[in-house]
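Chemist: Structure in structure tokens, see below.
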Amino acid sequence: MPITLVIVEDLDEVREGLMNFLALSPEFKVLDTFKTAEEALEAIPRLQPDIVIMDINLPGISGIECIRRIKDKCPDTQFMMFTIYEDDEKIFEAIQAGATGYLLKHEPAEILQEAVMTVMEFGGAPMSPAIARKTLKLLSQAEAPAETSHGTMPEVITDREQEILQYMVSGWDAKRISVVLNISVLTVRKHIANIYEKLHVSSKAQVISLAHKNKWV
């Protein structure tokens, strides 16, 4: 079955561009699109999509506030921010509200497509590279390390998985990792799934947090 999506974006050209691009793939089905959070609040609980692609700066209620109000009504829906904002406050507000991913609008449309697949296949939390780096930096500032030496990664993590984990922490997606390592995207995704299982996590954000806390990077 195709992945079902809803797009909440007030700019007509962005909203329609996303809808048309995603509609090109048989893996996706756009159930509906909305220009305001108010419209989305009424419709999304009824539609119960797999993923909502949500802008932050909407007229009226913001995208972040929309997620706060609707999250409990859609327990199986993942919310992915798609925005121009890179500031610390917006990133953490979105994560605290329940956003699964955080992507910037200037990224190629293919990155969004890859992110949707990552969320559905592995339960990950895709971020644009700039956002992942900023998140890691903020975690570093928030938690002073007890020692300066690098920690040892668990022995269950293979050398290849360690390599991929380093790229993940740097914000790279599966496609970019596959190119630099000269392996298939499917192989990268299998390694990522193994990393999640071995580290007992379910998202990229948790991997970044563990990498920082244990000084793996």
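Chemist: Which of the residues that make up the stretch 102-138 are touching a Ser or Thr at 6+ places or on another chain (Cβ under 8 Å), of a type outside the set (Lys, Arg) and modelled with pLDDT of 75 or more?
Modeler: TYR102, LEU103, LEU104, GLU107, ILE111, GLN113
Chemist: Just one of (1) surrounded by 15 or more Cβ atoms within 10 Å (Cβ to Cβ); (2) more than 13 Å from the chain's Cα centre (by Cα); (3) not in a helix (DSSP H, G or I) trips up PRO26, so point out which.
Modeler: (1)
Chemist: Sticking with this one: Could you identify the single residue in GLN78, GLN96, GLN48 that is at pLDDT below 85 and not assigned by TED's automatic domain parsing to the domain that holds VAL169?
Modeler: GLN96
Chemist: A follow-up question, please. Hey, could you check the stretch 167-187 for residues that are farther than 21 Å from GLU107 by Cα and assigned to a helix (DSSP H, G or I) and say which is modelled with the lowest pLDDT?
Modeler: LEU186
Chemist: Still on this model: Looking only at the stretch 199-217, which residues are part of a helix (DSSP H, G or I) and surrounded by 15 or more Cβ atoms within 10 Å (Cβ to Cβ)?
Modeler: Across the stretch 199-217, the qualifying residues are LEU199, LYS204, ALA205, GLN206, VAL207, ILE208, SER209, LEU210, ALA211, HIS212.
The values are calculated or read from the model by the stated rules, or taken from the named source; none is laboratory data. What you are looking at is a predicted structure, and each value in this text was computed from that prediction instead of being measured. Glycine gets a Cβ as well: all are built from the backbone with ideal geometry, and neighbour counts include every protein chain shown.
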